[in-house]
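Encoded as structure tokens, the structure appears first; notes follow it.
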2 protein chains.
Amino acid sequence: MERVFVTGAAGFIGSNLVDRLLELGKTVVGWDDFSTGQKLFLENATKNPNFKLIEGDNLDLPALTKAMRGCDFVFHFAANADVRFGIIHPHKDLQQNTIATFNVLEAMRLNNVKQIGFSSTGSIYGEAKTIPTPENAECPIQTSLYGASKLACEGLIEAYCEGFEFEGYIFRFVSILGPRYSHGHIFDFYKQLLDHPEHLKILGDGTQRKSYLHIYDCLNAVLTAIEKRTALQERHRVSIFNLGTKEYLQVSDSVKLICQTLNLKPELEYTGGKKGWIGDNPFIFLDTARIEGIGAAAKRTIRDSIVDTINWIQKNHWILERNN
Amino acid sequence: MERVFVTGAAGFIGSNLVDRLLELGKTVVGWDDFSTGQKLFLENATKNPNFKLIEGDNLDLPALTKAMRGCDFVFHFAANADVRFGIIHPHKDLQQNTIATFNVLEAMRLNNVKQIGFSSTGSIYGEAKTIPTPENAECPIQTSLYGASKLACEGLIEAYCEGFEFEGYIFRFVSILGPRYSHGHIFDFYKQLLDHPEHLKILGDGTQRKSYLHIYDCLNAVLTAIEKRTALQERHRVSIFNLGTKEYLQVSDSVKLICQTLNLKPELEYTGGKKGWIGDNPFIFLDTARIEGIGAAAKRTIRDSIVDTINWIQKNHWILERNN
């Protein structure tokens, strides 16, 4: 891994990855369509002579293929990352996740690039029967178009590993927190409390239990897993890792912590129901023994990560004003 | 289920389903793009006033949506059913299976049709660790673009069940045999032996163990499962059934039986290797306890099915001449 292609390079996770790769001395080609990515996230990267930014769309296979030329590893982190609104625009997950991933794989094949790291999600487990959920849990039933599209991407990557001798690293993330966080429940709560500090509306009854991971722990796990690839090689050249912490947090406790950190005491309005929205999984908790087994356990607690996220938003209010 | 829409209506399985539905007194709208479907398979159906044939492509969503108007159940049996050649044209499984299925689901949503029966495949289990493989086997690793695309379709159907209150019946088929069989190893062997009866080339070393099911047993299982739906309702409105027999056959034994039935003694040439091709799963055997539990076990043996298939091809040599 010397010349690395990163899709979604201007996104929350992608831009942090770009910075880390540059720190490690890699040459990085960043690719983003800026539909949700932020130029400001690449402020430091663009000062580095080892970084090249190319603006483009994953649905444009010729441009993608051209941009990838000369690279030897692809991190495919571009995605429609919104799990909640799939049913509002059902084609979005298909196009931006499934078809986009197919194009990334085709561009790799055409460029003879054979190694890919992919950001999948714990959502592919649907309402898992085994919790904490291990990587080899039973065949899941999808509950969202987002989860369905990410599982489709995993399948495509696996088929390319078998058919074209690719080497794939699939990471099933819980919700990621930390600097450049720009989407999710903390973001929504923060915006609400800025508008009306005395009142907070919360989807569901607050009993949903969710898992979170700090972006720095996430990237440490991703890079460690790839570094130790030889020892860990699985059948079919595919390595799959759950990425999360050994804890989870109830939404009502998350709310308390956010309000404490902001020093606010809003009246809380729960919309009710075990699920926050259609397709919401009320309990997400991944078994992370596999990634811990290679020495890449998360170091930060969920509480630390939430506080760090709020601190970052407080210093970067511009993120609240962007259009997407 | 009174007015039934069948995609792939002119295919091997689809056309047999159309005939069965018409026998049951249903009104049927058949939809096919005739890329591999055969007009002759619908010879009887087209004489029935309850049958309407509409020629069209699943990638044409407006036409598909219009054709489906007024129907109350969709059997989505159109597919690129070729597991072997995925790596020759990687986009084909994506377009004809994944995107086509998305369009079928969208057409259903736009027409407020909420029930779907889907032909999936045992290939989604990849090289399963548990054999016979049950429906809730562990999260599989895909070994073909075909399997990956069918798993993607399953995920889409499941997400529509959750998001739009659809009711889905997913059937994971082994290889189907019987009248109108027009693709697969018996077909290939038959053609070879017609060309050169003294020699037969077989992919792999002959030790691959595969499962087969007769089309009539397949359709009996499909229709029984849907009929008994109320009693069997699973979580998320999704019902998944493996369809197969309680036996499997080694390729070398299949070869013997085919040669006996044709009264030929060719010299056998095995190309060697445990797999017949890249992505071939050397042992496919599904656990069919679930479908047997509702009284829809297969009645025909694999041997009966192979002989029946050869008899049908012998009486229908025109199928050997078609272009696809």
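The values are calculated or read from the model by the stated rules, or taken from the named source; none is laboratory data. Bear in mind the structure is a predicted one, so any value in this text is a computation, not a measurement. Methodologically, a virtual Cβ is constructed for each residue, glycine included, from the backbone with ideal geometry; neighbour enumeration extends over all protein chains shown.
Scanning region A:64-95 for residues that are polar (S, T, N, Q), touching a residue at least 40 places away in the same chain (Cβ under 8 Å) and closer than 22 Å to B:Leu105 by Cβ yields one hit, A:Asn80.
Does at least one position in region B:241-255 carry a residue that is surrounded by fewer than 16 Cβ atoms within 10 Å (Cβ to Cβ), within 14 Å of another protein chain (Cβ to nearest Cβ) and acidic (Asp, Glu)? Within region B:241-255 (the criterion being surrounded by fewer than 16 Cβ atoms within 10 Å (Cβ to Cβ), within 14 Å of another protein chain (Cβ to nearest Cβ) and acidic (Asp, Glu)), the answer is no, since none of the residues qualifies. Selection over region A:120-141 of residues that are more than 22 Å from B:Ser149 (Cβ to Cβ) and in a helix (DSSP H, G or I) gives a count of 1. Apart from one condition, B:Asp60 fits all of (1) out of contact with any strand residue (DSSP E or B) (no Cβ under 8 Å at 6 or more places or on another chain); (2) within 11 Å of chain A (Cβ to nearest Cβ); the exception is (2).
Of all residues in region A:77-96, those that are β-branched (Val, Ile, Thr) and either within 10 Å of another protein chain (Cβ to nearest Cβ) or over 20 Å from the mean Cα position of the chain (by Cα) (or both) total 2.
Just one of (1) within 14 Å of another protein chain (Cβ to nearest Cβ); (2) part of a strand (DSSP E or B); (3) not basic (Lys, Arg) fails for A:Leu200. It is (1). For the condition closer than 26 Å to A:Lys191 by Cβ and touching a Leu at 6+ places or on another chain (Cβ under 9 Å), what is the one hit in A:Arg303, A:Arg322? One residue alone meets the criteria, A:Arg303.
Scanning region B:295-311 for residues being over 18 Å from B:Gln192 (Cβ atoms) and in contact with a Phe, Trp or Tyr (Cβ under 7 Å, 6 or more places away or on another chain) gives a total of 2.
With the requirement that a residue be part of a helix (DSSP H, G or I) and either more than 13 Å from every other protein chain (Cβ to nearest Cβ) or within 21 Å of A:Leu223 (Cα to Cα) (or both), what does region A:97-119 give you? Give the derivation first.
Looking only at region A:97-119, we keep the residues that are part of a helix (DSSP H, G or I), and these are A:97-111.
Result: A:Thr101, A:Val104, A:Leu105, A:Met108, A:Asn111.
Applying a threshold of 6 Å to beta carbon distances and a minimum spacing of six or more residues, or different chains, the list of pairs starting in region B:148-165 at a residue that is facing another protein chain (nearest Cβ under 7 Å) and free of Cβ contacts under 8 Å to residues at least 60 places away in the same chain and ending at one that is β-branched (Val, Ile, Thr) and part of a helix (DSSP H, G or I) reads B:Leu151/B:Ile124; B:Ala152/B:Thr98; B:Leu156/B:Thr101.
Residue-wise test of (1) at pLDDT 95 or above; (2) on the phi > 0 side of the Ramachandran plot; (3) not small (Gly, Ala, Ser).
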position	(1), (2), (3)
A:Pro197	yes, no, yes
A:Tyr212	yes, no, yes
A:Ala225	no, no, no
A:Gln233	no, no, yes
A:Ser239	no, no, no
A:Thr245	yes, no, yes
A:Lys274	no, no, yes
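Mind checking whether some residue in region A:12-26 is over 22 Å from A:Phe171 (Cα atoms) and aromatic (Phe, Trp, Tyr)? The answer is no, given that none of the residues of region A:12-26 is over 22 Å from A:Phe171 (Cα atoms) and aromatic (Phe, Trp, Tyr).
For region A:256-284, a residue qualifies if it is away from chain B (no Cβ under 14 Å) and among the hydrophobic types (A, V, I, L, M, F, W, C), and the qualifying residues are A:Leu257, A:Ile258, A:Cys259, A:Leu262, A:Leu264, A:Leu268, A:Phe283, A:Ile284. Can you find a residue in region A:183-192 that is more than 26 Å from A:His214 (Cβ to Cβ) and either in contact (Cβ under 8 Å) with a residue 40 or more places away in the chain or surrounded by 24 or more Cβ atoms within 10 Å (Cβ to Cβ) (or both)? No, that holds for no residue.
What residue, among those in region A:121-147 that are among the polar types (S, T, N, Q) and surrounded by fewer than 24 Cβ atoms within 10 Å (Cβ to Cβ), is farthest from the other protein chains (Cβ to nearest Cβ)?
Filtering first and then ranking leaves A:Thr130.
To keep it simple, each residue is scored yes or no on (1) at positive phi; (2) outside any helix (DSSP H, G or I); (3) at pLDDT below 95.
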{"site": "B:Thr143", "(1), (2), (3)": "no, yes, yes"}
{"site": "B:Lys150", "(1), (2), (3)": "no, no, no"}
{"site": "B:Leu156", "(1), (2), (3)": "no, no, no"}
{"site": "B:Glu162", "(1), (2), (3)": "no, no, yes"}
{"site": "B:Ile176", "(1), (2), (3)": "no, yes, no"}
{"site": "B:Ile186", "(1), (2), (3)": "no, no, yes"}
{"site": "B:Tyr216", "(1), (2), (3)": "no, no, no"}
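Inspect all residues belonging to region A:52-73 and state whether any of them is in contact with a Pro (Cβ under 8 Å, 6 or more places away or on another chain) and buried (at least 18 other Cβ atoms within 10 Å of the Cβ). Taking every residue of region A:52-73 in turn, none turns out to be in contact with a Pro (Cβ under 8 Å, 6 or more places away or on another chain) and buried (at least 18 other Cβ atoms within 10 Å of the Cβ). The set of residues in region A:14-34 being among the β-branched types (Val, Ile, Thr) and buried (at least 24 other Cβ atoms within 10 Å of the Cβ) consists of A:Val18, A:Val28.
Rundown of residues vs (1) aliphatic (A, V, I, L, M); (2) in a helix (DSSP H, G or I); (3) in contact with a helix residue (DSSP H, G or I) (Cβ under 6 Å, 6 or more places away or on another chain), yes/no style:
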site	(1), (2), (3)
B:Ile258	yes, yes, yes
B:Thr261	no, yes, yes
B:Ala296	yes, no, yes
B:Val307	yes, yes, yes
B:Ile319	yes, yes, no
